[in-house]
Amino acid sequence: TGMFTYDPGFTSTASCSSSITYIDGEKGILLYRGYPIEQLAEHCTFLEVCYLLLNGELPNTDEMQQFEGTITMHTMVHDQLTNFFKGFRRDAHPMAIMVAVVGALSAFYHDALDIKSKRDRDISAIRLIAKVPTIVAMCHKYSTGLPFMYPQNKLSYVENFMRMMLGTPCDDFEPNPVLVKALDRILILHADHEQNASTSTVRLAGSSGANPYACITAGIACLWGAAHGGANEAVLNMLEEIGDVSNIDKYINKAKDKNDPFRLMGFGHRVYKNYDPRAKLMRETCHEVLTELGLHDDKIFKLALELERIALEDEYFIEKKLYPNVDYYSGIVLHALGIPSNMFTAMFAMGRTVGWIANWDEMIADPDQKIGRPRQLYTGITRRDVPQHIKKG
Ligand code: CMC
């Protein structure tokens, strides 16, 4: 048509300007607010990274204490929210429940929904970061028929989540520091990734002025798909299906076969044409967790390492620059932590909530912000008249 640029999948369109996250896909570099992901993963906690993403700078001790205190104050959900869970079958996918329950939050917080007010936006950010873990844990408890666990304010963000997720009212849940660190790192690595599909969805939803809970819900819905956040669950299912090292070649050949829709889950990325820096860190964490739990002979982990080795030596994967992405190892770590695979994508959502909110806030604060409204190339039938026999009277 000459009027618009046609760019399906937005492979070459920048939809916004942003000062939050930087990716160099050729070199495998990821920076949050300028800080390399490797340094943040080593020296910071997830909540410090949340503060950084939202405010642009790492917090000092006082700022951190205040931020953590505020988050802690908001970890409980309105008791009526439990009714939303009860409308679901026990076997409902947790992401289906997440979409419903996080969406429902917008009906509970009318006190701070003025998106033009920075104060209101900050309160919404805090509420979402504080309440999403509680909701994720409730999804799991609901599906297993166990009682919901209330948050406990003396625990750290991750300890509290682990207790709500894995503890029961009959036991004193003792968080293992190595596992707490591992989960904290998973959240850091998932916290933001510039204009990925779900973050773009959040921005597009927010561009109309919709409330933040509704926008984050749109992001959760988008994340669910297997090409995006659903991949971590798909990786574990795939490894279980492959079952044994002796079957790897068969599956590698399936992945290479143009006529077979099968893809190696946890491999490939739209932006990274090099080893995903998050996957490298996740792989380290995976070793630490398996050592701590004495699972180094774990069949699934051995299979994953061998599959990675074989794929990285294969011409098809080399030529197409397909490397393991963050989801490849995160599934195995979550599995080792005792988190069932149907919860993996909800765990991803928990980490990404801050990135969605930071991007939404940045967009709303931009004075030049406009409603997102892509155009199309129309390929349908050109103008025609309704036929005579259909015309009435
Ligand atoms: N296994 C086998 N072949 C693959 C794979 C794979 N995992 N990924 C891409 N290819 C091939 C693909 O068939 C295509 O070949 P050809 O050029 O001959 O048609 C080529 O590589 C380029 O793939 P594409 O689908 O055009 O690339 P994309 O940028 O649109 O897709 C992707 C990126 C992540 C959706 C894709 O690599 C994929 O489906 N990977 C598996 C799912 C996955 O792990 N997703 C997680 C992404 S990272 C974190 C997240 O967002 O959750």
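The values are calculated or read from the model by the stated rules, or taken from the named source; none is laboratory data. Quick caveat, the model's predicted, so the values are computed rather than measured. Ideal geometry is used to build each Cβ from the backbone, glycine not excepted, and the neighbour counts take in all protein chains shown.
Brief remarks on what is shown
- Flag for Ile310 being over 18 Å from His228 (Cα atoms), out of contact with any strand residue (DSSP E or B) (no Cβ under 8 Å at 6 or more places or on another chain), of a type in the set (A, V, I, L, M) and surrounded by fewer than 18 Cβ atoms within 10 Å (Cβ to Cβ): yes
Each row is one residue, and each column tells you yes or no for (1) of a type in the set (A, V, I, L, M, F, W, C); (2) assigned to a loop (DSSP other than H, G, I, E, B); (3) within 16 Å of the ligand (Cβ to nearest atom).
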{"position": "Phe4", "(1), (2), (3)": "yes, yes, no"}
{"position": "Leu58", "(1), (2), (3)": "yes, yes, no"}
{"position": "Glu63", "(1), (2), (3)": "no, no, no"}
{"position": "Phe84", "(1), (2), (3)": "yes, no, no"}
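- Residues (buried (at least 20 other Cβ atoms within 10 Å of the Cβ), part of a helix (DSSP H, G or I) and not aliphatic (A, V, I, L, M)) located in the range 252-282: Pro277, Arg278
- Qualifying positions in the range 325-376 - assigned to a helix (DSSP H, G or I), at pLDDT below 95 and of a type in the set (Gly, Ala, Ser): Ser330, Gly331, Ala336, Ser341
- Residues of the range 283-304 that turn out to be among the basic types (Lys, Arg) and part of a loop (DSSP other than H, G, I, E, B), as a count: 0
- Across the range 122-145, the number of residues qualifying as in contact with a Phe, Trp or Tyr (Cβ under 8 Å, 6 or more places away or on another chain) and either of a type in the set (D, E, K, R) or not in a helix (DSSP H, G or I) (or both) comes to 2.
- Checked against (1) closer than 27 Å to Cys222 by Cα; (2) within 12 Å of the ligand (Cβ to nearest atom), Ala311 passes all but condition (1).
- Residues in the range 2-43 that are within 21 Å of the chain's Cα centre (by Cα), of a type in the set (Phe, Trp, Tyr) and surrounded by fewer than 11 Cβ atoms within 10 Å (Cβ to Cβ): there are none.
- Failed criterion for Tyr275 (all others in (1) in contact (Cβ under 8 Å) with a residue 12 or more places away in the chain; (2) of a type in the set (Phe, Trp, Tyr); (3) near the ligand (Cβ under 10 Å from one of its atoms) hold): (3)
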